[in-house]
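Here is the structure we will look at.
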C-alpha cells in the first residue's frame, strides 16, 4: 500500500468521523469544524486516490487548492452569519434540529 | 562531523521532550510557558545547529538560521502575551 | 463571434458595476443589463434552433484538459427561462425594494452573481466547474436570504448554508471518486467511459445525496420553507423558480445523460418513491400553514417531488416512454418556474398590501386587489395541472409515459398530487372570497404599485401560455447534438 | 521507515480531528483544529503537494484558525463550554434511534468509501500526461499554476467570484452604525513586533507570488500571506480597517476586474474566452496573478475584519433590527 492510498483511507475516516459529528452535535461552531474537516477528508481522497499508481498529478492538486479557498470563504460566511445570529438571539444552536424545523421557525414570535 | 551532528540533533530532541513533559506535568500556566519556550527554543537551536553542516549552500544555511530566529521572536512575543493576559485576569479577580 | 461566453460576462460585469458604483441608479441599470442579457440569450436560442447544439472550449483548451461549455436544446431553454424570470423579478424588485433601502444596496450585486452562476451551471460541461458554480449559487442565494438581517432570516440562512455546504461536500466527494476512477472531469467523455462498479456506484450515490440535499427533496427538504418563506419576495421567486432547479438539473444530467447505463432500476424507483413522499408531505404541510408565504414554500417542496418521478419513468423504459418522461419533466421545470415565481411575486404584493403574512388577513381582498389574486389563481391553475397550462402539459406527458410503460403506481401519485395541490390553493381562495368580510368592509389595503401587480400577472400568464406553446421547448429538447465548427477546426 | 511515519501521521490526524469534535470547551477545539491544519500541511508534503501544504498552513490552519478564535472569543462563557455530544441545552429526548442512526450512517459511509478506494478501477485517461504535453504552450513552468490560470482558468475566475460574493454578504451584514471600535489594546511589544515583522511578511508574499510561475507558490498562497500580515496589523492595533470604503471596494474587486477584462478582451481578436496570446501568455498570467494576490489578500482580510463587533447578545426581541 502506498502512502497515497493510505492517506486516502485516512480521508475516508475523517469524512465518517465528521459526518457522525454533524449528526450528533448541534452547536453551530462545532458543525463548522465538522464540514471543514469533512472537506479536508474529501481533498485527501481526491489527491491520494488520483496519485495512487500514477505520477504526481497537478490537476487534483489545483482543484484542491480551489477547494481550500472556497472552504475558507464558506467558513468565513458561516461565521459571519452565526455571529450576527448569536448577537440577536444568544443561541448557539438552531432549535430542534430535525425535520420539524419549519414548524419551530413559525412559532417564534414576530412583530 | 556526522557524529557531532547526530549528537546535536539527539540533544535537541531531548530538550523538546523535556519541554513537552513540562507542558504536560506542570500545574501552573506560568511554569508551563517557561518550560515550553525555554526548552523548545534551545531544542530548535540545537536542531538547526545540527542540520547546518548538511546545508547544500550558504543560502540554505541562512534560511535555517532565519527559521530559528523567527521562532524565537514569535514564541517570545506569544508567551509574553499569554503571561500578560494571565496577569491582567488575576489582577481583575483581586 | 460566439455568444456563449457573453452569457457569463454580462452578469459578471453588471455585478461589478452594481458593487463598485452604488451611487448610480443601479436598479434601472440592472434592467438595461437584463435586456442585453435577454437579447444575447434569444440570439443563442435562435442559433441553436437553427444549427443544433454547440460546444465551446474555454481558453481554446480541449476537454479533458480544459473546460468545455455546452449549449444544447435543454441548456438554451433553461437559459431563456432564467433570463425571462430574472428580468421580471428585476422589474418587480425596482418597485419592491423602494421600501427596503438597506437591502437594495446589496441585492443587485448578489442578483447578478446569482444569474452568472446559474448561467454557468446550465452551460457547464465539466464536473468540477459545476462544483464551483454550485458554491457560487449557494453563497449568492444565502446572501439574498439574509439580506434583511433579522433573527428569523438569519436562522433560515444558516440552516440553508449548512445544508447546502453539506450537499456540496457530498457532490465533491463523488467528483473526486469519479476522477480517480476515470481520470477525467469532462461529462461527455465520462459518459463514454463510465461502467458499473463499486467506485462508480459510491460516487454516484454521494453525488445524488449531495444534490438531493441541495434540491430540498424530501426528506432533506426542511431547510427550504424557512429560507424561501422568509426571504424578500423577489428573492423567494428567484430561489424557488431557479435556484433549486440548478441542482436538480445537474442530477438529471448526470443520471440520464452520463450515467444512463449504470442507473439501476431500483435506484430509479427509489428516487420516484421519495418524490412521491415529497408530493404528499409537502402538500399536507402546505395545507396546514397559516402563513401565505410558508404555504407557497411548502408547495415548492411538493412540486419538486414531481421532478423526481422523471427517474423511474425515464430509466429502464422503452425509448419513446423515456423521451416522454424526459420532456414532461423538463416542461415541469419550466412550468413550475413560471408559476412559482408568479405566485411568490403576487404573494409579495398581497402581503405588502394587507400588511400581514397570515392567510386569514387576506379575508375579503378579492374585490380590493383583484389583479394579484388573479395572478395567484392563474399560477395555481398551472400548479394543479389543469388545462390549459404548462403544468397540465407537463403532467400529461408524464402520465402518458407512466401509462405507456405500465407503471400504474405513478399514475396514482400524479393524480392524487394534483388533488392535494388544488386543496391548498383553494384554501387561499376560500378566505379571500369570504363574502362576510367583503360586506363588512374588512381587508382595507394599501395600494400596490402597478409594476408589481403587472409582473406577477405577466409570469402567471406565461405559465398558462406555456400550455399552448409547449411544442416549442419540447421540440428543442430532442435536437441532435452537433459539434461546433470551432471544435472540428481545432481537432 | 517512511511508511511508519505516514501511518503515525495519519493516526495523529484522525486523533486531532476527534479532539476537535469532542474536546471539552471550544477554545481547546480551535487549538486542536489549528494543530489539525498543520498536520494536514505535513500530509500534503508527504503527498508531494507543496502548493497545498503552503495553502493549508496559511489558509486552512492560519486564517480559518484566526477566524474561529475570533468567533469563540465572542461567545459568552456558558456557550463556549457547551459540551460536545449532547443533543441540546434542553437535554431532551435521548431517543434510541437518535443515537444509533448517526453511528450506523457513519459506519456505512466509511465502509462504502473503503470499498470505493480499494476496488478502484484504473483510470483510462491520464490528465497529468496531457498537462505535461501542453505545459510549454501555457506560458508558465509550474504545472499547478498552468492548470489554475490557463487550462482551467474559468474555475479560478468563478472562484474569485465566490470570494467576492462572500465579501458582499459580509458587507451586507455589517450593522449600519459604524462607531469606531474602542480600545484595540495597543500592546507595545506586539506593536513593535508587527511593525518589524510585517515588511518581511510582505516580501515573502511577493516572493511566493513570483515563484509561482516556475515552482510551488502562486496567487492564492501569496494572497493568504498578505492577508495574514494585514490581520496581524489589525490585531496589533493599527487602524487599517478604516480604509476608505470606495478604495476598499475597488481593491477587493481589482483582481476580478483585471481577470475578466483580459479574459474578455481577447475575444475582440476572435479568440475564445480566456485565451492568452501565446507570445505574452506568461506575462499576462503573472500580471493577473499579481492583481489577484492583492485582491485575495484584501478579501480574506476583510472577511476577518468585517465580522460584527462583539455585541452583548440580547435574548429579548428588542435587540432585533427589524425596523429597517
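Summary of values
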{"item": "Any chance residue D:55 is part of a helix (DSSP H, G or I) and modelled with pLDDT of 95 or more", "result": "no"}
{"item": "All positions within the stretch D:25-67 that are at the interface with chain A (Cβ under 7 Å from one of its Cβ atoms) and over 24 Å from residue A:49 (Cβ atoms)", "result": "D:26, D:29, D:33, D:63, D:64, D:67"}
{"item": "Leading residue by the ranking (nearest to the chain's Cα centre (by Cα)) among those in the stretch D:124-156 that are buried (at least 20 other Cβ atoms within 10 Å of the Cβ) and within 8 Å of chain C (Cβ to nearest Cβ)", "result": "D:155"}
{"item": "Inter-residue pairs, beta-carbon under 7 Å, first on the phi > 0 side of the Ramachandran plot and surrounded by 11 or more Cβ atoms within 10 Å (Cβ to Cβ) and in the stretch C:434-450, second part of a loop (DSSP other than H, G, I, E, B) and modelled with pLDDT of 70 or more, 6+ apart", "result": "C:443/C:363; C:443/C:364; C:443/C:368"}
{"item": "Residue that is within 30 Å of residue C:294 (Cβ to Cβ) and either surrounded by fewer than 24 Cβ atoms within 10 Å (Cβ to Cβ) or out of contact with any strand residue (DSSP E or B) (no Cβ under 9 Å at 6 or more places or on another chain) (or both), where the choices are C:178, C:172, C:134", "result": "C:134"}
{"item": "Subset of the stretch C:21-57 (residues that are modelled with pLDDT under 90, surrounded by 17 or more Cβ atoms within 10 Å (Cβ to Cβ), within 14 Å of another protein chain (Cβ to nearest Cβ) and more than 11 Å from residue C:108 (Cβ to Cβ))", "result": "C:54, C:55"}
{"item": "Residue that is at the interface with another protein chain (Cβ under 10 Å from one of its Cβ atoms), modelled with pLDDT of 95 or more, crowded, with 24+ Cβ neighbours inside 10 Å and over 14 Å from residue C:30 (Cβ atoms), where the choices are C:113, C:139", "result": "C:139"}
{"item": "Positions within the stretch D:283-324 being within 30 Å of residue D:235 (Cα to Cα), outside the structural domain of residue D:213 (by TED's automatic domain parsing) and either assigned to a helix (DSSP H, G or I) or modelled with pLDDT of 90 or more (or both), in sequence order", "result": "D:319"}
{"item": "Elements of type helices (runs of 4 or more DSSP H) in the stretch A:1-95, at least 1 residues being within 22 Å of residue D:227 (Cα to Cα) and more than 10 Å from chain C (Cβ to nearest Cβ)", "result": "A:28-51, A:58-89"}
{"item": "Residue in the stretch B:55-71 that is farther than 26 Å from residue B:2 by Cα and either surrounded by 12 or more Cβ atoms within 10 Å (Cβ to Cβ) or modelled with pLDDT under 90 (or both) present", "result": "yes"}
{"item": "The stretch C:1-20: number of residues that are outside any helix (DSSP H, G or I) and within 9 Å of chain D (Cβ to nearest Cβ)", "result": "4"}
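Every residue, every condition in (1) assigned to a helix (DSSP H, G or I); (2) more than 19 Å from residue C:185 (Cα to Cα); (3) modelled with pLDDT under 90, yes or no:
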site: D:99; (1), (2), (3): yes, yes, yes
site: D:131; (1), (2), (3): yes, no, no
site: D:141; (1), (2), (3): no, yes, no
site: D:145; (1), (2), (3): yes, no, no
site: D:150; (1), (2), (3): yes, no, no
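The values are calculated or read from the model by the stated rules, or taken from the named source; none is laboratory data. It should be emphasised that the depicted structure is a prediction, and the values quoted were computed from it without experimental measurement. Reconstructed Cβ throughout: ideal geometry from the backbone, glycine too, with neighbour counts over all protein chains shown.
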